[in-house]
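A.B. asks: Next up is a structure, given as structure tokens.
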Amino acid sequence: MATSTTRAANTKFTPGAVWLDTSGNPIKAHGGGILYHDNVYYWYGEHQDPNVLGVGCYSSTDLYNWKNEGIAIYVANISQVANVPCAASYIIERPKVLYNEASETFVMWMHLDNDQYTLAHTAVAISKTPAGPFKYVSNFAPNNLESRDMTVFQDSNGKAYLIRSSGHTNLGIGVSELTSNYQNVTNMASYIGQSREGPAILHRGGTYYLVLSHCMDSIIPIRAVDTGWQSYQQP
């Protein structure tokens with residue numbers, strides 16, 4: 001948790017410098033995602049302290065200054081209830097949170113794996129408040145396919161999607177629509193049969209842009225045209 005120490009407010013980003021929270025401690029939110037809710041930004045990411053493993057949560061109103069809201073969910077909370085074979089230890093990566101307006105629930109998706117990276121599941125947790133604590137719901141292989149690097153996307157019509165590296169050793173990218181409560185997947189909306197990871201997506205001017213890493217190599221943007229996807233350019 002944050003300490004009582006305060007520091008001068010940030011007024012700019014400083015690339016390459018250690019980013020400190022409002023208490024002067026390094027921000028621990030690796031592989032994270034940001035949710036904007038009720039005029040506040042919430043940053044969720046991997047808290048990679050060997051003594052405290054979980055998902056860290058920070059809040060901000062200006063994107064410069066981030067308050068430590070504590071651990072949203074601990075890896076230990078999942079390992080105590082998840083029925084996962086061959087998991088001597090658990091790994092949580094790339095946590096992302098959506099707000100489901102119908103149920104007034106915050107839904108967290110994350111990559112859940114064992115220490116050998118042979119599980120390749122997604123895990124879901126929920127909370128009634130943005131900073132948590134989040135309660136573990138389930139873990140599974142979406143659409144019966146392995147899932148690793150992932151993100152989620154909420155469209156303007158309220159539908160939400162899971163986008164993830166899918167299949168054995170990240171052979172492709174799967175895009176699946178979520179159920180109405182955002183806690184499971186339905187059909188596979190599309191599949192890109194190219195080895196990619198680190199997905200990020202945005203919608204602008206009637207086009208969906210999916211930005212992907214070429215599996216530890218270059219970054220390759222892809223854009224949606226009509227109902228399919230096509231390579232756009234390689235910077």
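Readers should treat all values here as calculations from the given coordinates under stated rules, not as data from a laboratory. Worth saying up front: this structure is predicted, and the values here are computed from it rather than measured.
A.B. asks: Students often get this wrong, so check it: of LYS28/LYS159; LYS96/LYS128; LYS28/LYS128; LYS28/LYS67; LYS96/LYS135, which have C-alpha atoms separated by over 20 Å? Please report the intermediate quantities before stating the final value.
C.D. replies: Values: LYS28/LYS159 30 Å; LYS96/LYS128 15 Å; LYS28/LYS128 23 Å; LYS28/LYS67 11 Å; LYS96/LYS135 14 Å.
Cα-Cα > 20 Å for LYS28/LYS159; LYS28/LYS128; rest within.
A.B. asks: Largest first, please: the extent of the C-alpha atoms of the range 126-217 along each principal axis, to the nearest Å.
C.D. replies: 38, 34, 25
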